[in-house]
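The values are calculated or read from the model by the stated rules, or taken from the named source; none is laboratory data. Just so you know, these numbers come straight off a predicted model, no measurement behind them. Cβ placement follows ideal geometry from the backbone for every residue including glycine, while neighbour counts extend to all protein chains displayed.
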Amino acid sequence: MTQKPSTVIVIDDDAAMREALGRLLRSVGLEVKLFGSVGEFIKAGRPAGPACLVLDVRLPGRSGLDFQTELEGLNIRIPVVFVTGYGDIPMSVRAMKGGAIEFLTKPFRDQDLLDAVQLGLGQDRAKLEDEDMLAVLRERYETLTPREREVMAFVATGRLNKQIAGQIGVSEITVKVHRGQVMHKMQASSLPDLARMADKLKVTPEKT
């Protein structure tokens, strides 16, 4: 997923501004998709790879700020850069509280927009990479037996084989064998590495 090209989505009902933004973004090698309305974007869907949304505050039929709120309900998580010719402080405060990368008032410097977009793409790329890694860890975790999952949870808390054996009612040798299987199946290079995996998976002795 994260190897797919980065895409900047522009939603602006002003055709001239939309095309101007498209030319600017393409001039630095970015892939761009232009939309004149929110409806067009929703119909097309979010790109699979890293993306950033450049969104006009005032759009026909709805506010860009309202759409920012709706994105969560639509299960569309994407960094937003606002552009507007009619901005004020309350608008900018609302946008930034909603998680916007930047709130730019027209006319703005080209470099300010490019910097904000690159920041948004970087954040989205990191998020997608985390999601990919978590999916891989879940696949590995599914290969563990119930006993191995139990042992993994205790090992991740730093407990010794003898302590785990007493806790779950098996021999220390059995714990050692399960521990080795867990390290192998999870492809953990060390105990701290396994602990980090358990933390990402939210695996605890109470949740196995």
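For first residues located in the stretch 48-68 and farther than 20 Å from Lys127 by Cα, partners that are outside any loop (DSSP other than H, G, I, E, B) and among the basic types (Lys, Arg) and lie 6+ apart or on another chain with Cβ distances below 7 Å form the pairs Gly64/Arg58; Leu65/Arg94.
May I ask you to verify whether Val54 is buried (at least 20 other Cβ atoms within 10 Å of the Cβ) and not in a helix (DSSP H, G or I)? In short, yes. Only one of the numbered conditions (1) over 18 Å from the mean Cα position of the chain (by Cα); (2) surrounded by 15 or more Cβ atoms within 10 Å (Cβ to Cβ); (3) assigned by TED's automatic domain parsing to the domain that holds Leu25 is violated by Val117, and that is (1). State whether the residues of the stretch 148-167 include one that is polar (S, T, N, Q), crowded, with 18+ Cβ neighbours inside 10 Å, over 30 Å from Val57 (Cα atoms) and over 29 Å from the mean Cα position of the chain (by Cα). Checked against the condition, which is being polar (S, T, N, Q), crowded, with 18+ Cβ neighbours inside 10 Å, over 30 Å from Val57 (Cα atoms) and over 29 Å from the mean Cα position of the chain (by Cα), the stretch 148-167 yields at least one hit. For the stretch 17-40, state whether one or more residues are closer than 14 Å to Thr7 by Cα and of a type in the set (S, T, N, Q). Checking the stretch 17-40: at least one residue is closer than 14 Å to Thr7 by Cα and of a type in the set (S, T, N, Q).
Taking residues in the stretch 92-107 that are surrounded by 15 or more Cβ atoms within 10 Å (Cβ to Cβ), and partners anywhere that are part of a loop (DSSP other than H, G, I, E, B), the pairs with Cβ atoms closer than 6 Å and at least 6 places apart or on different chains are Ile101/Pro79; Thr105/Gly87.
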